[in-house]
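What follows is a single structure, written as structure tokens, with notes after it.
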Amino acid sequence: FVVLLESHVGARAEVPATPDDIAREMFGPNGVLHVEILERGGVAIGMIGWFRVMSTWLGRSGLYLSDIVVVEEERGRGHASRLIAHMAARAQAMGDGFLKLEVDRSNDNATAVYERLGFTLSGTDPMLAMGEALGRLAQRA
């Protein structure tokens, strides 16, 4: 699914993640990512990753959704919407007050789906420090 997602947004050559990296982050001693799989007839056709976050501004915890992907031949059938609705129900059951996600700016179809589901732009843009930038920053500690 990760390769499919990266290929869909045209980023496969830029993403260094391997299956071992992903397994470590999900199942290792400090695993942080949870994944829900959507199946049809025992075959995985979609997935959504998630983890809990806290917003001090909202004073609430929530779920951060990541890597929402449906196999190409199943797209356009409402599967992504079902995965997100499932996560909304999970969030409420856990006492969380919001869902948060990021969308690739070039993915107009996904943006339209999220807007139809009630998501709005938050007014902030994500920023990322990784690789050499992360190393330089850590050296300042």
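The values are calculated or read from the model by the stated rules, or taken from the named source; none is laboratory data. Everything numeric in this text was worked out from a predicted model, so none of it was measured. Counting neighbours? That spans all protein chains shown, and the Cβs are built from the backbone with ideal geometry, glycine included. Ligands, DNA and RNA are stripped out before the accessible areas are found, and what is left, the full protein with its side chains, is counted by its heavy atoms. Shrake-Rupley method; radii C 1.70, N 1.55, O 1.52, S 1.80 Å.
Using Cα centres only, tell me the gap between region 42-63 and region 86-141 in whole Å.
9
Under the rule of -39500 (n - 2.57) per DSSP H run of 4 or more residues, summed and divided by the residues of the chain, what mean residue ellipticity at 222 nm is obtained, to the nearest 500 deg cm²/dmol?
It lands at -10000 deg cm²/dmol.
Can you give the relative contact order of the chain as a percent, counting alpha carbon pairs under 8 Å and 6+ residues apart?
Details: 138 pairs, mean separation 24.4, N = 141.
Relative contact order, the chain: 17 percent.
With a Förster radius of 30 Å, plug the Cβ-Cβ distance of residue 89 and residue 32 into 1/(1 + (r/R0)^6) and report the FRET value to the nearest 0.05. Walk me through the intermediate numbers first.
Numbers: r = 22 Å, r/R0 = 0.72.
Using R0 = 30 Å, I get an efficiency of 0.90.
Using 0.36 nm per residue, how much length does the chain from residue 109 to residue 55 gain when fully extended, once their Cα-Cα distance is taken away? Provide the component values of the computation, followed by the final result.
Working: separation 54, 0.36 × 54 = 19.44 nm, distance 2.77 nm.
Answer, rounded to one decimal: 16.7 nm.
If amide H atoms are built 1.01 Å from N in the plane of the peptide, which residues on other chains or at least 5 residues away come under 5 Å of the amide H of residue 45?
Distant-sequence amide H within range of residue 45: 38, 39, 40.
In a solvent-free Debye calculation with one equal scatterer on each Cα, what is log10 I(q)/I(0) for the chain at q = 0.14, 0.15, 0.21 Å⁻¹, listed in the order of the q values?
Each listed q maps to, in turn, -0.79, -0.91, -1.63.
For the chain, what does the accessible surface come to per residue with a 1.4 Å probe? Please give it in Å².
Numbers: 9960 Å² over 141 residues.
Accessible surface, normalised per residue, equals 71 Å².
Lys/Arg Cβ at +1, Asp/Glu Cβ at -1, dipole of the chain taken about the Cα centre: which of 93, 53, 34 is farthest positive-ward?
93
Between residue 117 and residue 74, what length in nm is gained on full extension when 0.36 nm per residue of separation is reduced by their alpha carbon distance?
Numbers: separation 43, 0.36 × 43 = 15.48 nm, distance 1.90 nm.
Stretched fully, the residue 117-residue 74 segment lengthens by 13.6 nm.
Carbon-plus-sulfur fraction of the accessible area of the chain, 1.4 Å probe, in percent? Walk me through the intermediate numbers first.
Numbers: 5500 of 9960 Å².
Answer for the chain: carbon and sulfur cover 55 percent of the accessible area.
With charges set only on the Cβ (+1 for Lys and Arg, -1 for Asp and Glu), what does the dipole of the chain come to about its Cα centre, in debye to the nearest 20?
On the way: 14 positive and 18 negative charges, 98 e Å.
Here the chain has a charge dipole of around 460 debye.
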